[in-house]
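What follows is a short report on a single structure.
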Amino acid sequence: GGNEIFTVEQNISVPIEDKICFNNYNNSVVDVYYSYHFTLSDERRNEELHCLEVLDSVLFKGFKAYITETLRDKKGLLYEIDSCMFVNDNEVILLFEFTALRYAIVKVIKILEDMLNTFKMDEKYFKYHKAFMCDNIEILHDNIQDYAYQIISLSIETKELMTPEKSAEQLAKISLERIDEIYQKLIETKQVYFCGRLFRRDRKELKTLIK
């Protein structure tokens, strides 16, 4: 149980400590992956899936998403930013990924960790973002194939036909308290992977920053 951490040197994985994994590549940028795991309950499966969808949108990939807007749009520290959610039976993996310049990686992680650890969505922002998702489900996806795939996937995951109208109806029922509860469970499962050649001093500092 608990978190597993691996360091990767020349394709050899060695368990070292909790929460962090390094993988060396010879380049000037670092690809970073934040992975979260959530186990759905049988009784509240659909509600929990929609809560995770809201969190993904609010934090990472929605319109004016908290992390994306702050670190990429306002501070210019990130690029090639994305997130996705994988569902297998009752197990969910939420993956947030981004690319940053090697020299700025410690600064990026300091800000990101502080934002994630102190994140608290207020009622006004929550209502705005949930309403935006309900009204713009179709345009939140890149193209019609992606949109169709999302409808099919969500229908399989929730085990019922999830039309845009049905999805909006489910999203509208979500409470802020339930979002907070699921977020607290989610952040306890965090694992972080760095793919890029990092300075030794930065590796040491990153290990102290990621809690």
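What follows draws every value from the coordinates through simple rules; no lab data is involved. Not measured: the values here are computed from a predicted model. Please note: Cβ atoms are built from the backbone with ideal geometry, for glycine as well, and neighbour counts cover all protein chains shown.
Just grab the label-to-label distance for residue 175 and residue 93, each label 7 Å out from Cα along the Cβ direction, in nm (one decimal). Modelled inter-label distance: 3.3 nm.
When Rg and Dmax are taken over the Cα atoms of the stretch 78-119, they come to 13.1, 40 Å.
In order along the stretch 183-188, phi translates into HN-Hα couplings of 4, 5, 5, 5, 5, 5 Hz, rounded to whole numbers, per the Karplus curve 6.51 cos²θ - 1.76 cosθ + 1.60 with θ = phi - 60° and x for Gly and Pro.
Couplings 3J(HN,Hα) of the stretch 68-84, computed from phi: 4, 5, 6, 7, 9, 6, 8, 9, x, 9, 10, 8, 6, 9, 7, 8, 7 Hz, in residue order, whole Hz [Karplus 6.51 cos²θ - 1.76 cosθ + 1.60, θ = phi - 60°; x for Gly and Pro]. Close amide-amide hydrogen proximity is noted between residue 20 and 6, 192, each under 5 Å apart and 5 or more residues distant or on a separate chain (H modeled in the peptide plane; Pro and chain starts excluded).
Considering only Cα atoms, the convex hull volume of the stretch 33-83 works out to 67 Å³ per residue. Computed from the Cβ-Cβ distance with R0 of 41 Å, the FRET efficiency linking residue 184 to residue 103 stands at 0.75.
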